[in-house]
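Okay, so here's the structure we're looking at.
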Amino acid sequence: MPDRPAGRVLWHATVSLDGYIAAPGDDVTWVFDHFDPEEPTAVAVVERTGAVIAGRRSYEAGERDGRKVFDGAWSGPQYLLTHRPTEQPLHGVAVRAGDVTPVVDEARIAATGRDVLIIGADVASQCLAAGLVDEVIVHIAPILLGDGVRFRGPDKHTHLTLIDVSRHKEIVTLHYQTGVDGPSRAARASLA
């Protein structure tokens with residue numbers, strides 16, 4: 001595998017306690033009832049981010065709900081990964097299709113040593129399957145949605161190593177690093 005530019009690839013998501021990142025109809029408005037932009041991990045992610053890749057469903061859900069995926073405290077190169085053509089050009093957003101690997105490589109170069117943030121379950125699953133994700137950061141919100149879009153990985157085992165757990169108000173944040181070999185023997189023994 002060729003050397004990749006510096007910077008890490010992060011999947012950062014808010015998840016309901018029953019494992020959904022969106023309610024039925026791709027509704028993500030509930031996230032903003034629980035998400036605190038002052039939460040230390042979220043602040044750190046914004047500071048580390050140099051480029052963002054979002055999936056089409058996440059992008060459209062944000063547009064529909066008036067909360068654009070690419071707006072906020074962060075600014076930089078933005079990529080929309082989609083298999084459907086857009087009806088109009090998106091100002092400041094590079095639209096890409098096909099295999100996720102060249103899109104992530106392009107975003108890593110554009111991020112100039114900072115991190116690439118992945119938004120959306122399908123894009124994240126593709127990136128995990130391709131071995132492109134370095135970290136998974138999950139905010140667990142105190143809500144049960146009952147149905148919707150699942151927080152899911154690829155169709156293969158993906159081992160994660162827990163590197164931090166924190167709490168901010170009612171949100172619990174789990175921070176994982178990806179790894180192909182799974183937990184070490186010492187880590188498994190400490191959990192027993």
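The values are calculated or read from the model by the stated rules, or taken from the named source; none is laboratory data. Here the structure is a predicted model, which means the values were calculated and not measured. Please note: Cβ atoms are built from the backbone with ideal geometry, for glycine as well, and neighbour counts cover all protein chains shown. Side chains included, ligands, DNA and RNA excluded: accessible areas come from the protein's heavy atoms. Shrake-Rupley method; radii C 1.70, N 1.55, O 1.52, S 1.80 Å.
Of note:
- Sorting 116-122, 165-171 by average packing, meaning the other beta carbons within 10 Å per residue, from highest down gives 116-122, 165-171.
- Accessible-area composition of region 1-51, carbon plus sulfur, in percent [1.4 Å probe]: 59 percent
- By average C-beta atoms within 10 angstrom, highest first, the peptides 29-39, 6-16: 6-16, 29-39
- Using the Cβ-Cβ distance between Asp164 and Val95 with R0 set to 35 Å, the FRET efficiency from 1/(1 + (r/R0)^6) comes to roughly 0.55.
- If the segment from Glu47 to Phe35 were pulled out straight at 0.36 nm per residue, it would be longer than the present Cα-Cα gap by 2.6 nm.
- Theoretical FRET efficiency, 1/(1+(r/R0)^6), r = Cβ-Cβ of Thr112 and Leu144, R0 30 Å, to 0.05: 0.15
- Backbone N atoms of region 120-139 closer than 17 Å to the 7 Å Cα→Cβ label point of Asp155 belong to residues 122-131.
- Sites Ala129 and Val172, calculated FRET efficiency, Cβ-Cβ separation with R0 30 Å, nearest 0.05: 0.65
- Residue-normalised accessible area of region 138-180, given per residue in Å² at a 1.4 Å probe: 68 Å²
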